[in-house]
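Input: a single structure, listed below in structure tokens.
The values are calculated or read from the model by the stated rules, or taken from the named source; none is laboratory data. Since the structure is predicted, the reported quantities are computational estimates derived from the model, not experimental observations. No Cβ is skipped: glycine too gets one built from the backbone with ideal geometry, and neighbour counts run over all protein chains shown.
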Amino acid sequence: MTGLRRDILGLLRGQFQPRLTGKLGIAVSGGSDSMALMHLMKEAFEGEPVDLLAATVDHGLRAESAAEANWVGEAAAALGITHDAIRWEEGPGQGNLQKQAREARYDLLCAWARRNGISTLCVAHTADDQAETLLMRMARASGVSGLSGMPPRRVHKGVTLVRPLLEVTRSELRQFLQERGIEWCEDPSNSDLRYERVRARRALAELAPLGLTPTVLSRVAENMNKAREALDWYVFLAARDMAHVQAGAVVLCQRKFRTLPSETGYRLLVKAIQWVAGSPYPPRRVPMEIAVLAARGGGAATVSGCHLLTTSKQIWICREAKAVTGVTSLPGQIWDDRWKVFGGDAKGCEVRPLGRNGLFECPSWRATGVPGTVLESSPAVWRGAELAAAPVAGLGNGWSAETVTNEEEFFASLLSH
């Protein structure tokens, strides 16, 4: 066994301690990185009680993509690994093609994992990918979180995504493949300079003589990630001191918020907005800076489907009424991915946002202590055009409403990535 292979295998095994058992998924596109990952995973867990399953997403964007997915299946079968090809049936819409393809890939892979009882899915991002990500985020003047790069682990739609090769370079993986005579596919889009990541890859080659190699830049991202963890801890402590969840909104003590260091306050608002909106991604910096100014100055702002408003003593972060317009569900089902409304006569009823007109039909809404703007985006039970109940706004009529996530889960989200 070569020293390189021994080091990579040790790194892989170290990612899954204590001893791994059960099913483990591998995302394999057919490129050099993912082909190396599949072969290395087979070696790393040979003889272990681990059932490896692989999947390839066929985006249908190139004529040869289906054949490549089948070729990956043959390579997996030769290793004794079960393989599925997943077709992106919807295809892309208008806008950023690479972003749409990436999001579809993760959604399809995680849906495949859930169907197959796989809780952990390995993807083949390398130190090169991390370095490219860092360069692209530097170009956007990203802060600490952005410059932390891709985390080694994250949860997407109930599946834990693991990146076990973030400390390994692409050249090292290709050396491994070449030593063993293992082939891979070359995606022509990886040479298309219309894509930002391809341009970042070219820039890396120019930066290497300065010592800014993929390995060095990925270590920078790792150092920034440690700084992010420290910042998140102080955000968590601040939230415990000044925040609570009420009527589905995050509520902050305005006086205490104003005393926070600017970065701590900024990050607390970002996390609150992400949690209320149910978004895995933070808001863009410019609208967030406007929201921070509003929070400190006693104003209001909208950002990422949320509304921020201030009262004499509090800052409320709730859903924006416009963001839930047209969102409907049947009673007992999840509404807006956040609420469940239940308990009354559901015949002919559906759950829709209360809205301003509905709020006027709730005579005791002020007694709830919740601002009207917050209540307007809360769930209500409608029978046609008739308001049957608005339990969050004090008009119960035998109905109840509760959020599917609670205050403790909000606090926990402050420490998750």
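One table, with the values for the structure above:
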quantity	calculated
Search result, residues across the range 378-417 that are farther than 19 Å from Leu252 by Cα, among the hydrophobic types (A, V, I, L, M, F, W, C) and outside any loop (DSSP other than H, G, I, E, B)	Ala380, Val381, Trp382, Leu387, Ala388, Ala389, Ala390, Val392, Ala393, Leu395, Ala401
Test: Val381 is crowded, with 22+ Cβ neighbours inside 10 Å and either among the β-branched types (Val, Ile, Thr) or under 33 Å from the mean Cα position of the chain (by Cα) (or both)	yes
Odd one out for Leu237 among (1) surrounded by 18 or more Cβ atoms within 10 Å (Cβ to Cβ); (2) at pLDDT 95 or above; (3) of a type outside the set (Lys, Arg)	(1)
Within the range 335-364, tally of residues that are closer than 21 Å to Cys318 by Cα and loosely packed, with under 14 Cβ neighbours inside 10 Å	5
Residue that is out of contact with any Pro (no Cβ under 8 Å at 6 or more places or on another chain) and under 26 Å from Glu402 (Cα atoms), where the choices are Leu231, Leu260, Leu268	Leu268
Residue in the range 108-130 that is under 21 Å from Asp33 (Cα atoms) and of a type in the set (Lys, Arg) present	no
Answer from Arg140, Arg163 - the residue that is more than 16 Å from the chain's Cα centre (by Cα), basic (Lys, Arg) and under 25 Å from Pro282 (Cβ atoms)	Arg140
Subset of the range 389-411 [buried (at least 21 other Cβ atoms within 10 Å of the Cβ) and over 18 Å from Val245 (Cα atoms)]	Ala389, Ala390, Leu395, Trp399
Some residue of the range 118-130 being touching a residue at least 60 places away in the same chain (Cβ under 8 Å), more than 20 Å from the chain's Cα centre (by Cα) and not in a loop (DSSP other than H, G, I, E, B)	yes
Qualifying residue in the range 127-138 (condition: exposed (fewer than 14 other Cβ atoms within 10 Å of the Cβ), in the same structural domain as Leu12 (by TED's automatic domain parsing) and among the small types (Gly, Ala, Ser))	no
Residue within the range 88-106 that is of a type outside the set (Lys, Arg), modelled with pLDDT of 95 or more and over 18 Å from Pro280 (Cα atoms) present	no
Residue satisfying condition, being outside the structural domain of Gly299 (by TED's automatic domain parsing) and out of contact with any Lys or Arg (no Cβ under 9 Å at 6 or more places or on another chain), within set Pro363, Pro379	Pro363
Residue check for Leu293: under 26 Å from Glu229 (Cβ atoms), modelled with pLDDT of 95 or more and among the aliphatic types (A, V, I, L, M)	no
Long-range neighbours under 7 Å by Cβ, at least six apart or interchain, first residue closer than 15 Å to Gly326 by Cα within the range 353-369, second exposed (fewer than 12 other Cβ atoms within 10 Å of the Cβ)	Pro353/Thr325
Of all residues in the range 210-234 being among the small types (Gly, Ala, Ser) and surrounded by 18 or more Cβ atoms within 10 Å (Cβ to Cβ), the one that is farthest from Ile317 (Cα to Cα)	Ser218
Residue within the range 191-199 that is part of a helix (DSSP H, G or I), assigned by TED's automatic domain parsing to the domain that holds Leu147 and in contact (Cβ under 8 Å) with a residue 40 or more places away in the chain present	yes
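Okay, residues lined up against (1) assigned to a strand (DSSP E or B); (2) modelled with pLDDT of 95 or more; (3) closer than 21 Å to Glu172 by Cβ; (4) of a type in the set (Gly, Ala, Ser):
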| residue | (1), (2), (3), (4) |
| --- | --- |
| Met1 | no, no, yes, no |
| Arg5 | no, no, yes, no |
| Arg13 | no, no, yes, no |
| Leu20 | no, no, no, no |
| Ile26 | yes, yes, yes, no |
| Asp33 | no, yes, yes, no |
| Ala36 | no, yes, yes, yes |
| Thr56 | yes, yes, no, no |
| Arg62 | no, no, no, no |
